[in-house]
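Just so it is clear, none of the values below were taken in a lab; they were calculated from the coordinates. Since the model is a prediction, treat every value here as computed from it, not as a measurement. Cβ: placed from backbone, ideal geometry, glycine included. Neighbour counts: every protein chain shown.
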There are 2 protein chains.
Amino acid sequence: MKIALAQLNYTIGAFEENVSKILQAVDTARASKSDLVVFSELSVCGYPPLDLLEHKFFIEKCNEAVQHIASCIKDDIAVIVGAPSINTGSEGKNLFNSAYFITNGKIEHVIDKSLLPTYDIFDEYRYFEPSGHQNIVEFKGKRLAITVCEDLWYEQPLLTDFGKNKPYNVNPLEKLNASGFDFIINIAASPFAHNHVSVKESILRENAIKYNKPIVYVNQTGAHTELIFDGASRVIDSKGSTVLQLPSFEESICFIDIDKIIAGKAVMQRLLQEDKISLIHDAIVLGIRDYFRKMGFKNAILGLSGGIDSAVSLVLAAKALGAPNVRALLLPSQYSSEHSVTDAIKLADNQHIQYDIVPINDIFSAYLSTLDPVFNNSRPDVTEENIQARIRGALLMAVSNKFGNLLLNTSNKSEAAVGYGTLYGDMMGSLSVLGDIYKTEVYGLARYINRNEEIIPVNSIIKPPSAELRADQKDSDSLPEYELLDGILYNYIELRKSADEIVAAGFDKDVVMRVVKMVNTSEYKRSQAPPVLRVSSKAFGFGRRMPLVAKY
Amino acid sequence: MKIALAQLNYTIGAFEENVSKILQAVDTARASKSDLVVFSELSVCGYPPLDLLEHKFFIEKCNEAVQHIASCIKDDIAVIVGAPSINTGSEGKNLFNSAYFITNGKIEHVIDKSLLPTYDIFDEYRYFEPSGHQNIVEFKGKRLAITVCEDLWYEQPLLTDFGKNKPYNVNPLEKLNASGFDFIINIAASPFAHNHVSVKESILRENAIKYNKPIVYVNQTGAHTELIFDGASRVIDSKGSTVLQLPSFEESICFIDIDKIIAGKAVMQRLLQEDKISLIHDAIVLGIRDYFRKMGFKNAILGLSGGIDSAVSLVLAAKALGAPNVRALLLPSQYSSEHSVTDAIKLADNQHIQYDIVPINDIFSAYLSTLDPVFNNSRPDVTEENIQARIRGALLMAVSNKFGNLLLNTSNKSEAAVGYGTLYGDMMGSLSVLGDIYKTEVYGLARYINRNEEIIPVNSIIKPPSAELRADQKDSDSLPEYELLDGILYNYIELRKSADEIVAAGFDKDVVMRVVKMVNTSEYKRSQAPPVLRVSSKAFGFGRRMPLVAKY
């Protein structure tokens, strides 16, 4: 039996486009004599559709799309697509998250998801009822265990460091195993996170080994606002070895002969060994590209400060959108160093990016004189720094409004964490490029970008970071050194350690207390920040829901 | 048996403060010879603690607080408090949402919540495992059915208009009823929504009638960022009549003799009949007050335009914080009408509010001349309007930064819905006062505020709404009349009707299509808006999660 793995990039709610992609892939699979084509979870509507699932018109469109696909599959090729289905029972949530098994013009089986991830960025129990039963699908003499994404995740690493480690009450694979099957199909919508790649790998491997059966895993690719799906669909043999891996961050259709794999005759491929930084790089490029494409925009704008964050953001944006579609503003003030302009120009020239130099001094002076009667000779403080950041933001938004370029935000995760940024100033933007990337990782990205040639001026990489909002300002005036800061932040945010535990791990108590307090008191700022391209297992935004008003 | 209903206002994570409130209320109850004191859901830690529940240190503090309470109850008075408890089983989520029954220095019973709301603003299944069993608590000769909030909501109105209407698979009251009980205790954290008041009432009434038993319902009061809890705790007799109702939006301890109520001898009280607008008014005042108090701020600032939205916001802020703690800026431009300033001054004077007049013309000119080389003689458009709104926002934030006044946002729900506002301009603010109140309801609030005297200048109420960002601009140039607009919005947002259904209900097709499109394309704006004080059953923000990048 020949199986096609169709790893495609869907748009949420774009039924016509998604269905047409699916049908084209079916044609491709048919042309190569496939018996079965597997698409990813909720492929018909795109994942995650969020509260669109609460709208009747959306569910009706999902159903119509599935019916249309069925009506187009007139032969005995089988197709597995993902879409919501209505729970016709008298109790429970209104929908199931389902895999539709379609062949010969008919929906032959609807298999519902059992394990509904409801943590981090996942809200599936908000919409879906867990399936109560597991059925094997028989097709061309084979017994298929068709599962949806999390159904393989009965055993998974701890989400918190209290309690125990099995978040669900049922293991659907055990039930399927009791009936007996030849191989597992898993349709997924599993977002990329650099520190989750190996977890996903081991979940697949361990299930294959435990049940001694191959797994055909099809994930979607493409980005939906903050979520970036890598794809990286694969086939694992019953020994847990990967025998096929589709590329990350792009569409791909690949084929396998499942009989060979069941017989243990498939040659094991080397896993694509990509390092963390190159994966993050490719993820961000796809994240920017899909945000613009799916929003219907072509052009970006960003502020170039001569520093490393805006430099890295610019290169990634140019890669994603093409240099002619990216525009930069240099916004020097009286506090800007000369190199901030020269480094920025050097980069823009390197990358063939259109730029304007728009000094903010006149506007800044106008603010100060306008506010003079209100401020009444008070001493300059962070207020005047924020005014400069807000002028820069307003100028970027003005060019954005005038010419239709979406503003990219260039703040990094370290800054976002401690609130080192001006709300409605440098925190503006339609999308945060680096908001899930710690400062120390931004350096890694810069070096990766420069691996073959000096694209980002070395001076932007080696100079001490500065916001340049007052004379001789350095980030290190307000913040611990980034190596130290990022270490504390990783423990607090990703690992959810308490301040006491972080101190016990060897960090300086005063620094830890200061950093933790900065994180806690910046929730209100982050709550108004742009969506952050998520590349870690705990990004700011939708997947991290801390109270704004609380004492802790 | 005498029962005290303790309706208190907790702060999330403020264990010391919460526990001290609880113990003080126990003292009060003891002094009045109560046998049992009932507190609300998650009273020990405050509701909703959100992702703090994923932190071990937070759970430990919850446990310590409950242990401390137990150690302080040395006599035979019983206390029911709410706190998370750890799921010691080997499967399922790590926590239960529990009611602790404490007496004689010991935790005698821990009763776990069965029905976990996971819709709108509720994410309980993100953290909690549903209870699998229901036990009756015997105390002083009575059999108590202790339930947590949603446990009474097995039967509830449809959340969507497809599927069926029972969102849960089990009715905990049925199980409890099989064991037999004398009355129901329900500890709740049920937020206020003006169009939900009667639903809540009927849920309580119908359960009382169905099981023919009284219900003692204790809700928390107080606001946590966007959520405002009214309290309105009450006692319903077995015929479904309310025999005691605690006040809305304030702390209160009341006492009942449950034997009298069981015997049907309690005199039925008249329900406090408050109208929608007065409830919204009181909710918003509490929402502002608690946001500031729990954030540790005293002073607010807002921009006064002479229009109705900022006028109503100012009055509500003054009520919440005291007039001396509210400051206003009047920010006229060349497009401001004379009455915009005179009406604003009249209001500020009425309310004894400190104000400054800060004209934005000089800054606006500086922006235009700075941008001139970039804009290159392009025609003025919405860009120039946005610049003005952003200057106003930046000036308000400057005074906020300089003097420590939190900025209140004054946009209404109609504007927020259709994106009629400038991101990083008039959409700035730490808290949105009117963001869940349609423009037509804002008029109702203004009339309510003026019910005894002219507080808001009548001219602010009767003049045609205008943003005054260009000459002779009126809201009606860009938007349908508000009566019409709000009707369409209510159908689309609250009732989740499709555009087709709204047209079928009699609205003009072109207008409906235009409005729905404006709502759909403004998600990115709203995603960066301040938290909105929620007073309806579907507010923008946390409870409404629409994809930013989608086609629909």
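Some values worked out for this structure:
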{"item": "Euclidean distance between Cα centres, the range A:1-69 to the range B:6-64, Å", "result": "49 Å"}
{"item": "Value of [θ]222 nm, deg cm²/dmol, for chain A, DSSP H segments ≥ 4, -39500 (n - 2.57) each, nearest 500", "result": "-11000 deg cm²/dmol"}
{"item": "Neighbour-count order for B:Asp282, A:Asp472, fewest beta carbons within 10 angstrom listed first", "result": "A:Asp472, B:Asp282"}
{"item": "Two-site label geometry, B:Tyr448 and B:Met513: point separation in nm, points 7 Å out along Cα→Cβ", "result": "3.8 nm"}
{"item": "For B:His224, A:His352, A:His339, B:His281, order by how many other beta-carbon atoms lie within 10 Å, fewest first", "result": "A:His352, A:His339, B:His281, B:His224"}
{"item": "Cβ-vector label at 7 Å, A:Gly132, separations to other copies in nm", "result": "1.6"}
{"item": "Potential extension, B:Ser202-B:Asp75 segment - 0.36 nm per residue separation minus Cα distance", "result": "42.0 nm"}
{"item": "Label geometry 7 Å along the beta-carbon vector: B:Asn195 inter-copy distances in nm", "result": "4.3"}
{"item": "Inter-site label distance for A:Lys210 and B:Asp356 at 7 Å from Cα along Cβ, in nm", "result": "6.4 nm"}
{"item": "Relative contact order [Cα under 8 Å, 6+ residues apart], chain A, whole percent", "result": "12 percent"}
{"item": "Kyte-Doolittle mean at least -1.0 and Cα axial length at least 27 Å: DSSP H helices in chain B", "result": "B:276-295, B:382-403"}
{"item": "Net charge of Cβ neighbours under 11 Å - reference A:Lys538; Lys, Arg +1; Asp, Glu -1", "result": "-1"}
{"item": "Counting DSSP beta bridges with both ends in the range B:219-339, the antiparallel % (nearest 5)", "result": "65 percent"}
{"item": "Copies compared at A:Ser32 - label distances in nm, ascending, label defined 7 Å from Cα in the Cβ direction", "result": "7.6"}
{"item": "Inter-label distance for B:Asp500 and B:Ser476, nm, one decimal - labels placed 7 Å from Cα along Cα-to-Cβ", "result": "3.4 nm"}
{"item": "Global geometry of the range A:2-272, whether rounded, prolate or oblate, following the gyration tensor of its Cα atoms and the 1.5 cut on a/c", "result": "rounded"}
{"item": "Antiparallel %, DSSP beta bridges [both residues in the protein assembly as shown], to 5", "result": "55 percent"}
{"item": "³J(HN,Hα) computed for each position of the range B:119-124 - Karplus, 6.51 cos²θ - 1.76 cosθ + 1.60, integer Hz, glycine/proline x", "result": "6, 6, 8, 9, 10, 5"}
